[in-house]
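Reviewing the structure listed below.
No value in this document is a laboratory result; all are computed from the given coordinates. Since the model is a prediction, treat every value here as computed from it, not as a measurement. Ideal geometry is used to build each Cβ from the backbone, glycine not excepted, and the neighbour counts take in all protein chains shown.
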Amino acid sequence: MQNIPQTVPLHAETNPELDYEKAADTRKGELRSESEGADDEEEIDDECEDGEEDDDEEEVDEEDDEPALKYERFGGAFQDLLKKDSASALAVSNKYLALGSHNGFAHILDLTGQRIKTFKPHTASVVDMCFDTTTDFIGTASMDGQVSIHSISSPESYTFDMKRPLRSLALEPNFAKRGSRAVVCGGMAGTLVMHEKGWLGHKETVLHRGEGPIWHIRWRGSLIAWANDLGVKIYDTGSQTRITYIERQPDSPRPDLFKCTLHWQDDTTLLIAWADIITVVRIRARPRISANQPPFLAETTAAFQLDCMIAGVLPLSTITTDRNLPVHAHARTSSTSSSSSVPAPTSLLVLAYIPTDTSFLHEATDDRTIQARKTAERPELRIISRAGEELSMDALSVTGFQSWGCNDYALAEFDQDGTGKNKSYLVLSPKDVVIVRPRDRKDHITWLVERKRYEEALEQIEIMENEGAETMDATEIGQRYIEYLVGEGDFTKAAKLFSKVCGQDTKRWEDWIFVFAQKQQLQAIIPHIPTDKPRLGHLVYEMILAHFLANDLQALRQTINDWPKDIYDISAVIVAIHSELDRCLPSSSVSAPRSIPVAPDTIILMECLAELYTANRQPAKALPFFIRLRRPNVFELIREHNLFTAVQDQALLLVEFDHELMSKQKGADLNERGVAITLLVDHIHSIPIARVVQQLRSRSRFLFLYLDALFEKDAHLISDFADTLVELYAEHAPAKLVDFLRASSYYGLEAAYRICTERDLVPEMVFLLGRMGDNKKALYLIIDRLGDVNRAIDFAKDQNDDDLWEDLLKYSETRPPFIRGLLENVGAEIDPIRLIRRIKNGLEIPGLKPALIKILQDFNLQISLLEGCQAILYGDSSDLSKRLHRDQTSGFLITSKTLCPVCDLPLHESPSSVILLFLCRHAVHARHVDSSDELPPPLDPVVASVTFGGRSNRGISNRIAYTAMVRAKLRQGCPVCHKEGQWT
């Protein structure tokens, strides 16, 4: 390929001169240099003995390059349509594919190959076809000089006879939605004609003429591009002006031999492929518009020459995302590519034709061999970067390619889902249509598997799974990868794949595990063997444990601890481990003394047996191993499985073991009770107290901790051992002895006093003397031995003995500190005057004045408190009295529904019934009082209304008089309150 300078300006129609000669000469010179350089390299290779080997290595490298595209033949009814005909034109949309034939037929198919519609609009070859953007209309142009437009969904159609063979046509965008129904066509007449629908039919408008045949037309938006013998022109339908033209290369082959291809990449980018030149033109708005100037400018953004003829060109997105690898990593770099390529957002897909018939270069020759038609090469599909670098190349196998020329091929694109993200391409030949698609990750994975690059294939599958994309089944690929690794002897790497490859397939897991076992590579696969989901057969797990038993006891212990116990036969494993333990200790027992050294392997075997016995619900068999191993879970085992009866004769061993564990802990207080003491205390019904005491007598410290814990739990539990506990408290915890002496009554006073006397425990002696009734001796102990006046005062208060107070006062007469202490703590038990009178004249008492002041202040405070309390009492009494008077004198509402609290009948039975209302607010029938027979009869309503004295405002009402008579007859108050023990 040869790059053409990309800064060549495009002129407006008013300035058509372009200097292509210099560029052409430059290209020829560069091509000659490259060919000469190639000849020199061939000579060097001929002289080198290793030249052929180097070429072979390059070919191998090229074979390892992954292709960028994938291909498949278009199926369906296509082959049947071309049995007696051949394809000549192609158009494709996101819904349909239109195929034109040399017999003048137009076939409409869906993208699966099913025929939708067929019609014959022409009598000669269909040379061009195009859909409108709605895919509702299809336009065809033919060598018979006619343009035919047909609706796919309706009978609507249009036909225009141009009288001369046509080469191309283009429908206006949104043809189906526009009333103008405009179409542009052109051909051998050299006239570009636009047909538009009007009121009186279609009108013709000649857009261009006089520069030779019109070879190709494409319409995008408001811009129409067409190619004639001189070059490519662009017309703006909005301003009805020609914008620019791109001149055809002067040394190019005849236009009828190698067709021109125009393709609008977008609304402003036009791709031009003619012969072996590709030009990319960019349309932009003119910054300043003056008179007689078009509104747009055009500039060439890329132009380069290929080493082939171009049968079609389309834009192609750079292939990077599907495989997470840049396309350059899979592409074959051409020897003629530019040394430095500029990264571009898109590439170009080029349908290349390699001309073997070079007669177009020697048209005037008389040599028959040169003029004879040559067998054509396979067409090639190339990916070219915007910088002109060839990224990849694939040779296409199409039917009858030996007979086809460059103009017999066509290239088209379609987007089936309409999103623009999954574009596909079609390559047309007279007897074949090939579908071209960019390779995706699934294709990449397949390619990797074919080359035994299984690890990369699995990585790609994992990436697709993480992204939530539809992926391939990794099982089969992983299976092949494992087989490959096992064959290579890489067992560790193969084992890491099992979780992904085998998944939930139990049989596959077991088959591979046995394969590894046969190859003595179990150690590689064991870390990856599942114990759940899926769960394998128990023989697999037992085989692994047997492997560990023979080779790695540390791993055996760890595995037994980690694995669920229900996945293998525990009894079988116990038998195997017991046999190994018996072999290691043929003449010893697990009950051997701790002082006998034990081998590390033996310890591991005992740990395994203890764990397995526990898991097999045989804790009694596991307990000897735990005790022998000094394991902390001994106590948990005893509690969990209720083995208290089994350890009632091993109390001392458990306590010693617990003390040993505590001594190993940093910061542990050995004076605290351990787990063993707690266990013995909590289960005294299964482990008798007397039995434990008998075992612990040789260790007084342990016995003290045990009895002290029992005492805290229940003081009555140590009733038989109270005297022993007094002696143990005096020895191990004298500070707690007084509390025990106060709380317990089961010990002997004299024995306890003797123990305290022997150890000179004065506070305890004082307490015991007080209990024995020798208060004076106890008081003198406090005064003489302790010298604590406050304790003496408290002791006197506790005994509440006036003689004891007298002794204290008498003893304090000559001791000023005691006098001061008594004065400061004097209270209701002793009159301060009594104490003050005993003070001898002239006796100096330090702090006497503050003490007297404190006494006076205390008395003043007491008087103030009494006065305050009296005032509060008076106030409360007054409030309560007023409340009582208010409650007793207030009215009482009686309705027809009010019930008597005695008989639960309505109070108001008749107008003449008597109802008694007491001050306690109880209202009852008069018949319920004890003296109901003596009550006067109720007043007549007429009499009750008469007043005594003849004056209603001063006389006494008959009702009041009747009430007084009734009250006089009542010997007992309210019957309700009387029944409840109250009186009203």
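A straight chain from Arg771 to Arg959 at 0.36 nm per residue would run longer than the Cα-Cα distance by 60.3 nm.
When the alpha carbon gyration tensor of region 469-616 is reduced to an equivalent ellipsoid, the three semi-axes, largest first, read 37, 16, 11 Å. Comparing Val540, Trp512, Thr559 along the charge dipole axis of region 505-571, the residue lying farthest to the positive side is Trp512, per the Cβ-charge model. Once Rh is set to the Kirkwood radius over Cα pairs, what Stokes-Einstein translational diffusion coefficient, in µm²/s, holds for region 408-521 at a temperature of 10 °C and a viscosity of 1.306 mPa s? The estimated diffusion coefficient comes to 94 µm²/s.
Centre-to-centre, using Cα atoms only, region 853-904 and region 74-119 are separated by 114 Å.
Under a 5 Å amide H cut-off, with hydrogens placed 1.01 Å from N, Val914 pairs with Ala926 among residues at least 5 apart or on other chains. Both numbers refer to the Cα atoms of region 118-199; Rg and Dmax are 11.8, 33 Å. Here's how it looks for Asp128: its modeled amide H is under 5 Å from those of Ala141, which are all 5 or more places away or on a different chain.
Loop-located trypsin sites (Lys or Arg not before Pro) in region 651-733 (DSSP state not H, G, I, E or B) with no more than 12 neighbouring Cβ atoms inside 10 Å: Lys666, Arg697. Averaging the Cα positions of each part gives two centres, and for region 485-503 and region 605-624 these lie 36 Å apart.
Sequence-ordered 3J(HN,Hα) estimates for region 538-551 from the Karplus curve with 6.51, -1.76 and 1.60 and θ = phi - 60° stand at 5, 5, 5, 5, 5, 5, 5, 5, 5, 4, 5, 4, 8, 10 Hz, glycine and proline given as x. Over all other residues within a Cβ to Cβ distance under 15 Å of Gln146, the charged ones net out to 0, with Lys and Arg as +1 and Asp and Glu as -1. Phi angles across region 119-134 convert, under the Karplus curve 6.51 cos²θ - 1.76 cosθ + 1.60 with θ = phi - 60°, into 3J(HN,Hα) values of 8, 10, x, 9, 9, 10, 4, 7, 9, 7, 9, 7, 8, 7, 5, 8 Hz, Gly and Pro given as x. Summing charges over all other residues whose Cβ lies under 12 Å from the Cβ of His122, with Lys and Arg as +1 and Asp and Glu as -1, gives -2. Rounded to 0.05, the FRET efficiency of the Asp760 and Arg699 pair, given R0 = 35 Å and the Cβ-Cβ distance, is 0.85. Given the pairs Lys84/Lys197; Lys431/Lys452; Lys533/Lys664; Lys500/Lys565, which span a C-alpha to C-alpha distance of over 31 angstrom in this model? Beyond 31 Å between Cα atoms: Lys84/Lys197; Lys431/Lys452; Lys533/Lys664. Take every pair of alpha-carbon atoms less than 8 Å apart whose residues are at least six positions apart; their mean separation over the length of region 609-649 yields a relative contact order of 31 percent.
The relative contact order of region 402-465 comes to 20 percent, based on Cα pairs under 8 Å that sit 6 or more residues apart. Pairs of Cα atoms nearer than 8 Å and 6+ residues apart set the relative contact order; for region 149-295 it is 13 percent. Please give the residues of region 886-905, grouped as numeric ranges, whose backbone N is less than 14 Å from a label point set 7 Å along the Cα-to-Cβ vector of Arg921. What the label zone holds, given the 14 Å backbone N cut-off, is 886-894. In order along region 445-459, phi translates into HN-Hα couplings of 5, 4, 5, 5, 5, 4, 9, 6, 9, 5, 4, 5, 4, 5, 5 Hz, rounded to whole numbers, per the Karplus curve 6.51 cos²θ - 1.76 cosθ + 1.60 with θ = phi - 60° and x for Gly and Pro.
Considering only DSSP states other than H, G, I, E and B, which chymotrypsin sites (Phe, Trp or Tyr not before Pro) in region 195-251 qualify as loop sites with at most 15 other Cβ atoms within 10 Å? Answer by residue number: Trp199. Database remark: amide H of Lys70 closer than 5 angstrom to the amide H of Arg437, Arg439 (H placed geometrically; neighbours at sequence offset of 5 or more, or on other chains; Pro and chain starts carry no H). Restricting region 160-197 to trypsin sites (Lys or Arg not before Pro) that sit in a DSSP loop and have at most 15 other Cβ atoms within 10 Å of their own Cβ leaves Lys163, Arg178. The stretch between Glu483 and Cys977, if pulled fully straight at 0.36 nm per residue, gains 167.6 nm over its current Cα-Cα span. Work out, step by step, the length gained on full extension between Ile872 and Thr895: first 0.36 nm times the residue separation, then minus their alpha carbon distance; give nm to one decimal. Gain on extension, Ile872 to Thr895, equals 4.2 nm.
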